[in-house]
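Read-outs throughout are calculated quantities, based only on the coordinates presented, and are distinct from any laboratory measurement. Worth saying up front: this structure is predicted, and the values here are computed from it rather than measured. Quick reminder, even Gly has a Cβ in these numbers, built from the backbone with ideal geometry, and neighbours come from all protein chains shown.
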2 protein chains.
Amino acid sequence: MLMSTPKLPILTNRADTLKYEEGIVRVLDRRKLPETVTFVDCYTYEDVARAIIDMVIQGAPPLAYAAGYGLALAARQFSHLPAKVFKERLAQAHGRLRSTRPTGADIFPLMDQALELAYEAIDAGENAESVLVGFVNGQIKAGDRAARLSGLHAASLLSSGDRILTHCFAGAALNYMLYDAVLSGKEIELFCTETRPYLQGARLTAAQAREIGVPVTLITDNMPGYLFYRGMITKYVTAADSISLDGHVSNKIGTFQYAVLAHQFGVPFIVLGYDGPDRDRPNAASIPIEERDPEEVFYCRGVRTAAEGIKGYYPAFDITPPQFVSVIATERGLFSPWHIKDYFQAPEPQE
Amino acid sequence: MLMSTPKLPILTNRADTLKYEEGIVRVLDRRKLPETVTFVDCYTYEDVARAIIDMVIQGAPPLAYAAGYGLALAARQFSHLPAKVFKERLAQAHGRLRSTRPTGADIFPLMDQALELAYEAIDAGENAESVLVGFVNGQIKAGDRAARLSGLHAASLLSSGDRILTHCFAGAALNYMLYDAVLSGKEIELFCTETRPYLQGARLTAAQAREIGVPVTLITDNMPGYLFYRGMITKYVTAADSISLDGHVSNKIGTFQYAVLAHQFGVPFIVLGYDGPDRDRPNAASIPIEERDPEEVFYCRGVRTAAEGIKGYYPAFDITPPQFVSVIATERGLFSPWHIKDYFQAPEPQE
């Protein structure tokens, strides 16, 4: 009798969550998951910029792809203009889309390369929109491969009996890691923090893990320390929005404090590093930490949770220094944070 | 010109939040603060037990006082019965009220002493209800003194410029600490975690601090690590639901993880220790950690926040070992956790 193959859930293949359809960028609204699967339709690059800022789409690679499609929309919007004006408008769109969210690093090289390709297309009399859509499609395909291989390399570190803590939603690589562990017959369990204020853990991670078939237990963001203290956690796994060349890992706010606890209790911290560190970020100081509207910490799913008349503070990411990171699992294999720069010398995966 | 004296807010004097009125125990509903100041009226000891379990009243000393009044209600309910049966019913009520919440230690000696006094009153032909109400009133008065002096001793450790992290609501002693700092002209600032799932930080601490006149900034429970990392915190202050004789501090879940971070960054952790350690708890193993209904982590103020089909885990308290505690501020002065046992030899405050 054949076992039924576990299915990979919706946030695995980026093409299922982000589409370019004849002048519309359709973005899966992650804020409404898991109750509702609904898409926000963007008709202009400004719509795309707003969708990124408002967290319709989240995660450093996915939002970079959305921004790329946004530039394709701009190319469609302005293609009737003289080349010089067309380029100026594209540069404006590029600037707007590029400055939506500062911490995740994928958006910057992707957008810069996209603009260059668009200029070349205009100069060559080609259809810039098509060139951009093709470019972003290729980036998504490459990103999917990075997610899959990064997840599989991380899975190689898991054993039956592992009780894994994760924070926020670590994206497609997490899904692949869990999926591979289940396929390999490893008995693992996941503990996920709810991840205030947007609850990505409670909503996205919990639902994805359940669909993959991994037993998942939700805890609030103040509980990981106690689970470490009780010896309930054997691995700690998150994604990274940015990795500097000297091994600092920036990820959703909270990642750092759980890394300190994991270190204190001798639990390895595995970072899903996707396509490696960020060439333009030599160190922690080169990673800008986004601070979002403090109002967002006063509400939970639209309900007021805080007293009136107080201040709020909402840094959306933090930075974990390399001494608290055990290993970075990338598409090119496993690296210590101390020599993550070697990623660029490692052979590209052949398949 | 006289400065207007800052006012102490509602959760300072316990008699403002818990009243015994002719066979009714009136309990301020902390779950509805700060929006609504409303009392839950308890007509039987079982009503009081439910109010404690359902967190209408919270905090180790306040809920102990409520339980004591609950026994007074039982004395009223059963006073018409023959002495032997009356005592049996009181013992039942005592058992029920005593087993409502296991971690906070105040309830146990208070209830045991209350039952003994009630028996003596019955034997002496006295009104047991009156004896119990008088006893609990005295306990509240003593508790208020402990809170005030504990807060003042903690305040002696604060300086202008301190940026204090606190977790959950540390009760009347916190109010006195902040109040004293303000009166002394110390410029301090408070950062409070929201404290999921019940949001005592966002609702109670934030509102109390604002009323006292201390600038207060709300953060989510995953943010303290980043604030320590950035050097934004100079003191960490919480209450304790239980302190063992060897210096382990049990308090609201999350207290431990922030204590580890404070230690990592050289920030002192000041515990508001009220009336000292618990005589019957020699060590960490003797502090039972309450695990509440996991359903409670799936909701925030009544709104579903989690995916369906998953498990939840809700330990309501954690334990901080003495190596992460800098000082315990009690009614009898400041103690290192390593010699908190000396509390019992220290002179009682005279005033």
Handout entry: Cα extents of the range B:127-177 along the three principal axes, largest first (Å)
Key = 54, 21, 9
Practice task
Note the full-extension length gain between A:K311 and A:Q323 as 0.36 nm times their separation in residues minus their Cα-Cα distance, in nm to one decimal.
Solution key: 1.0 nm
Exercise for the section: Quote the relative contact order of the range A:221-348 in percent (integer), defining contacts as alpha-carbon pairs under 8 Å separated by 6+ residues. Expected result: 31
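Return the tail of the calculated pair distribution for the range A:109-211, meaning the percent of Cα-Cα pairs more than 19 Å apart.
56
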Problem - Length released on extending from A:Y299 to A:K7, taking residue separation times 0.36 nm less the Cα-Cα span - result: 101.7 nm
Handout entry: Copy-to-copy label separations for A:E88, where each label sits 7 Å from Cα toward Cβ, in nm and ascending
Key = 9.6
Completion exercise
Within the range B:166-237, DSSP-loop GluC sites (Glu not before Pro) with at most 16 other C-beta atoms within 10 Å are B:E187
Fill in the blank from the handout: Flagged as over-length at 32 Å C-alpha distance, from A:K19/A:K87; A:K311/B:K141; A:K32/A:K141; B:K235/B:K341, the pairs are A:K311/B:K141
Handout entry: Selected from A:G68, A:G201, A:G309 as most flexible by GNM, with chain A as the system and alpha-carbon contacts under 10 Å
Key = A:G309
Problem - Pairwise label distance in nanometres, A:D123 with B:Y43, each label 7 Å out on the Cα-Cβ vector - result: 8.7
Handout entry: Cβ-placed point charges (K, R +1; D, E -1), dipole of the protein assembly as shown about Cα centre in debye, nearest 20
Key = 160
Practice task
Could you list, by residue number, the cysteines of the protein assembly as shown that have no other cysteine's beta carbon within less than 4.7 Å of their beta carbon?
Solution key: A:C42, A:C168, A:C192, B:C42, B:C168, B:C192
Problem - Extension gain (nm, one decimal) between A:S156 and A:A285, 0.36 nm per residue minus Cα-Cα - result: 43.2 nm
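Quick one: net charge around A:S286, please, counting Lys, Arg +1 and Asp, Glu -1 for every other residue with C-beta under 13 Å from its C-beta. Mind showing how you got there, number by number?
On the way: positive: A:R279, A:R281; negative: A:D246, A:D278, A:D280.
Counting the neighbours of A:S286, the net charge comes to -1.
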Problem - Between the range B:169-227 and the range B:297-351, the Cα center-to-center distance that results, in Å - result: 16
Completion exercise
In the neighbourhood of A:A316 defined by beta carbon distances under 12 Å, the net charge of the other residues (Lys, Arg +1; Asp, Glu -1) is -2
Exercise for the section: Once you have the Kirkwood Rh of the range B:239-351 from its Cα pairs, apply Stokes-Einstein at 37 °C and 0.692 mPa s and quote D in µm²/s. Expected result: 213
Fill in the blank from the handout: Final fewest-first order of B:S184, B:S286 on the 10 Å Cβ neighbour count is B:S184, B:S286
Fill in the blank from the handout: Filtering GluC sites (Glu not before Pro) in the range A:1-83 by DSSP loop and by at most 14 other Cβ atoms within 10 Å leaves A:E22, A:E35
Handout entry: Sparse-neighbour loop sites [trypsin sites (Lys or Arg not before Pro); the range B:215-265; at most 13 other C-beta within 10 Å; DSSP]
Key = B:R230
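Tell me, what is the FRET efficiency for B:L334 and A:Q350 to the nearest 0.05, using R0 = 60 angstrom and their Cβ-Cβ distance as r?
Taking R0 as 60 Å, the efficiency between B:L334 and A:Q350 is 0.35.
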Practice task
Apply 1/(1 + (r/R0)^6) to the Cβ-Cβ distance of A:A83 and A:E21, taking R0 = 35 Å, and write down the FRET efficiency to the nearest 0.05.
Solution key: 0.85
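May I ask what percent, to the nearest 5, of DSSP beta bridges between residues of the protein assembly as shown are antiparallel?
50
Restricting to DSSP H runs of at least four residues, report the calculated mean residue ellipticity at 222 nm for chain B, -39500 (n - 2.57) per run over all residues, nearest 500 deg cm²/dmol. If you can, show how the numbers build up before the last one.
On the way: 9 runs with 124 residues, N = 351.
Theoretical 222 nm ellipticity from helices: -11500 deg cm²/dmol.
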Practice task
Please report B:C168, B:C300 as a ranked list, fewest other C-beta atoms within 10 angstrom at the top and most at the bottom.
Solution key: B:C300, B:C168
Completion exercise
In terms of the alpha carbon gyration tensor, root eigenvalues a ≥ b ≥ c, rounded if a/c is under 1.5 and otherwise prolate when a/b exceeds b/c or oblate, the range B:193-275 is oblate
Handout entry: Dimensions (Å) - chain A, Cα atoms, principal axes, largest first
Key = 67, 57, 48
